[in-house]
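Below is one structure, written out as structure tokens, with a few remarks after it.
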Amino acid sequence: MITQLHGRLIEKNPTYVVIDCHGVGYEVNISLHTYGQIGSDENIRLHTHLQIREDAHTLYGFYQPMERSIFRLLISISGIGANIARTMLSSMTPVEIQQAIVHEDLAAIKAVKGIGLKTAQRVLIELKDKIQNVAGMDEIPALKNNTIKEETLSALEVLGYPRRQAEKVIDNIIQSAPESSVEELIKQALNKL
């Protein structure tokens, strides 16, 4: 099993990268989330998942081990293959996926291209307990219950901004400045929405 690659970034595309590891070039499929985290550095380290089928050996790469853990949980669900799991990680961040599962947000899961109602329900039922144990995601449920965040979301909704879009912006602001007041969050969110 190839669990990580560390080498020189040869090619970078939104769906895959090529990494040269001591003269061997590995093509690694990535999500848009990982693509956004890969900088312009020549040296790169990706945590990988190797999928072996009769006709192909395919590598999937993730910038953080947490994203790989989410990917592995998703592909354990009947009806979700590696490509749909990668699409899900491209449509939502690992944190958003975890929040959607923990808070049983069926609409958010169903909004991902390729996931229907029954598959979305299966994701919620089968992963609700497992998603809590993903390393590096312990702090996320606390953000969801944050009253300052809820007050900010309510204010932005009253101003006419969609909740899902506003929530993404607010989560980013809270992660960079956790001590922000409601007023500060609203001002920063309005600048980014």
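The values are calculated or read from the model by the stated rules, or taken from the named source; none is laboratory data. Computed from a predicted model, the values in this text were never measured in an experiment. All Cβ positions, even for glycine, are placed from backbone atoms using ideal geometry, and neighbour counts span all protein chains on display.
Out of the residues in segment 102-115 meeting the condition of being closer than 17 Å to Gly81 by Cα and touching a residue at least 24 places away in the same chain (Cβ under 8 Å), tell me which one is surrounded by the fewest Cβ atoms within 10 Å (Cβ to Cβ).
Looking at the filtered set, the residue picked out is Lys113.
Any residue at all in segment 1-20 that is touching a strand residue (DSSP E or B) at 6+ places or on another chain (Cβ under 8 Å), loosely packed, with under 14 Cβ neighbours inside 10 Å and among the basic types (Lys, Arg)?
No, segment 1-20 contains no residue that is touching a strand residue (DSSP E or B) at 6+ places or on another chain (Cβ under 8 Å), loosely packed, with under 14 Cβ neighbours inside 10 Å and among the basic types (Lys, Arg).
From (1) surrounded by 18 or more Cβ atoms within 10 Å (Cβ to Cβ); (2) modelled with pLDDT of 85 or more; (3) not in a helix (DSSP H, G or I), pick out the condition that doesn't hold for Ala120.
(3)
Out of curiosity, is Thr48 of a type in the set (S, T, N, Q), free of Cβ contacts under 8 Å to residues at least 60 places away in the same chain and farther than 19 Å from Pro94 by Cα?
Criteria not met by Thr48.
Among the residues of segment 159-193, count how many are part of a helix (DSSP H, G or I) and at pLDDT 80 or above.
Number of matching residues: 23.
Which residue out of Ile140, Ile84, Ile77 is out of contact with any Phe, Trp or Tyr (no Cβ under 8 Å at 6 or more places or on another chain), closer than 22 Å to Ser180 by Cβ and either buried (at least 17 other Cβ atoms within 10 Å of the Cβ) or modelled with pLDDT of 85 or more (or both)?
Values: Ile84 fails: closer than 22 Å to Ser180 by Cβ; Ile77 fails: closer than 22 Å to Ser180 by Cβ.
From the options Ile140, Ile84, Ile77, the qualifying one is Ile140.
Regarding Glu104, is this residue in the same structural domain as Tyr16 (by TED's automatic domain parsing) and part of a loop (DSSP other than H, G, I, E, B)? Lay out the reasoning, then the answer.
Working: in the same structural domain as Tyr16 (by TED's automatic domain parsing): no; part of a loop (DSSP other than H, G, I, E, B): yes.
Here the answer is no, as Glu104 does not meet what is asked.
Looking at the structure I just gave you, is Glu27 modelled with pLDDT of 90 or more and not in a strand (DSSP E or B)?
No; evaluated as a whole, the condition is false for this residue.
Condition check ((1) among the acidic types (Asp, Glu); (2) outside the structural domain of Ile10 (by TED's automatic domain parsing); (3) surrounded by 19 or more Cβ atoms within 10 Å (Cβ to Cβ); (4) not in a helix (DSSP H, G or I)) across all residues:
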| site | (1), (2), (3), (4) |
| --- | --- |
| Ser40 | no, no, no, yes |
| His49 | no, no, yes, yes |
| Ala100 | no, yes, yes, no |
| Ile125 | no, yes, no, no |
| Asp129 | yes, yes, no, yes |
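When residues of segment 21-38 are filtered for being among the hydrophobic types (A, V, I, L, M, F, W, C), surrounded by 15 or more Cβ atoms within 10 Å (Cβ to Cβ) and more than 21 Å from Ile84 (Cα to Cα), how many remain?
1
All but one of (1) modelled with pLDDT under 90; (2) assigned to a helix (DSSP H, G or I) hold for Gly114; which doesn't?
All conditions are met except number (2).
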